[in-house]
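The values are calculated or read from the model by the stated rules, or taken from the named source; none is laboratory data. A quick note: this is a predicted structure, and the numbers were derived from the prediction, not measured. For neighbour counting, all protein chains shown are included, and Cβ atoms are generated from backbone atoms with ideal geometry for every residue, glycine included. In case anyone asks, the SASA skips ligands and DNA or RNA and just uses the protein heavy atoms, side chains included. Shrake-Rupley method; radii C 1.70, N 1.55, O 1.52, S 1.80 Å.
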Amino acid sequence: MTSSGIQPRQDGDAALRLLRDGELTLEGRLVDASNATLRGVLTRDGVSAHCVYKPVRGERPLWDFPDGTLAGREVSAYLVSRATGWDLVPPTVLRDGPFGPGSCQLWIDEPADAEPLVGFVPADALPPRWFAIAAARDDDGTPYALAHADDPRLARLAVLDAVINNADRKGGHVLVGPDDRIYGVDHGVSFHVEGKLRTVLWGWAGRQLPPDAVQVLDTLAGQVAGPLGEELAEHLTISEIAELAARIDRLRDTGRFPLPSEDWPAVPWPPI
């Protein structure tokens, strides 16, 4: 569980209150992140939890995303995830912190014995019910495959990524929580108006969507036109929300997982 005992799904409202109003004390920086990503502790009314704080001022300028918008996209991904009912993104808010406004997300502790769902495996030993996505070799020339499990939890995450146009679904952005749920993190480069889907979860490309995904998309379409769209308007442009609705409609019309683009790198680098 998270450091406080708060479960992201069962205690979502309590987590949001803690994220919004808790006193934030920083512990250190996650050095592998391309943007300023800080781990901290939130405390409120005797309850505490670890969090990830990404200040806007620490966002690295990108050529294709407007400056200062990544934190709002992190929050938007959470709002869409919550609207699906799948709760694939940990509770996330926009709040002030020691380095100014930024996104603040509940930290997910992965159990030490959690089985990885994405990774490099020997090319001749693909686990049962895994999809090989891309070929690779190590420094000695030994062949490996970038692969992921044929897991319905991952399939839901792949649908969410297609909806929010996630340009950076690395394997390391897929966490297995202690409640045996999976969580996706790092959604700062999502919701672009141009197709930029880059992911390691291509195993279902072109296949039919699961029936529950079709139902979720039908519901989500109405929510984007209503209260969800109003919430997203605090973080996204009118054009970005309109294109979000259009992506949902395209997925509903085809009833299939999207195919990799021929005009855009399909897999992020590094993939893990």
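Side notes on the structure shown:
- Within segment 34-49, the residues that satisfy the criterion of being over 16 Å from Ala71 (Cβ atoms), surrounded by fewer than 19 Cβ atoms within 10 Å (Cβ to Cβ) and of a type outside the set (Lys, Arg) are Val41, Thr43, Asp45, Gly46, Val47.
- Condition met for Tyr183 (in contact (Cβ under 8 Å) with a residue 24 or more places away in the chain, among the hydroxyl-bearing types (Ser, Thr, Tyr) and open to solvent by 10 Å² or more (accessible area, probe 1.4 Å)): no
- In the set (1) open to solvent by less than 40 Å² (accessible area, probe 1.4 Å); (2) farther than 26 Å from Ile248 by Cα; (3) not in a strand (DSSP E or B), Ala167 fails one condition alone, (2).
- Pro271 vs. criteria open to solvent by 20 Å² or more (accessible area, probe 1.4 Å) and not aromatic (Phe, Trp, Tyr): no
- Residue count for segment 215-248, restricted to those that are under 17 Å from His192 (Cβ atoms) and either assigned to a helix (DSSP H, G or I) or at pLDDT below 95 (or both): 13.
- Residues (surrounded by 15 or more Cβ atoms within 10 Å (Cβ to Cβ) and under 25 Å from the mean Cα position of the chain (by Cα)) located in segment 117-131: Leu117, Val118, Gly119, Phe120, Val121, Trp130, Phe131
- Any chance Ser103 is surrounded by 17 or more Cβ atoms within 10 Å (Cβ to Cβ), hydroxyl-bearing (Ser, Thr, Tyr) and either farther than 16 Å from Phe191 by Cβ or touching a Lys or Arg at 6+ places or on another chain (Cβ under 7 Å) (or both): yes
- Going through (1) touching a Pro at 6+ places or on another chain (Cβ under 8 Å); (2) more than 26 Å from Arg181 (Cα to Cα); (3) in a loop (DSSP other than H, G, I, E, B); (4) modelled with pLDDT of 95 or more one by one, Ala36 falls short only on (4).
- Filter result for Val193 (part of a loop (DSSP other than H, G, I, E, B) and surrounded by fewer than 20 Cβ atoms within 10 Å (Cβ to Cβ)): yes
- The test for being free of Cβ contacts under 8 Å to residues at least 24 places away in the same chain, within 18 Å of Leu16 (Cα to Cα) and touching a helix residue (DSSP H, G or I) at 6+ places or on another chain (Cβ under 9 Å) holds for Asp45.
- Verdict on Val52 being surrounded by fewer than 20 Cβ atoms within 10 Å (Cβ to Cβ) and not in a loop (DSSP other than H, G, I, E, B): no
- Listed conditions (1) part of a loop (DSSP other than H, G, I, E, B); (2) open to solvent by 60 Å² or more (accessible area, probe 1.4 Å); (3) not aliphatic (A, V, I, L, M) are all met by Glu27, apart from (1).
- When we screen Val200, Val176, Val224 for residues that are open to solvent by less than 30 Å² (accessible area, probe 1.4 Å), farther than 29 Å from Ser34 by Cα and touching a residue at least 24 places away in the same chain (Cβ under 8 Å), the only hit is Val224.
- Residue within segment 255-266 that is hydroxyl-bearing (Ser, Thr, Tyr) and assigned to a helix (DSSP H, G or I) present: no
- Take the conditions (1) assigned to a helix (DSSP H, G or I); (2) open to solvent by 30 Å² or more (accessible area, probe 1.4 Å); (3) under 21 Å from Asp263 (Cα atoms); Val159 misses just one of them, which is (2).
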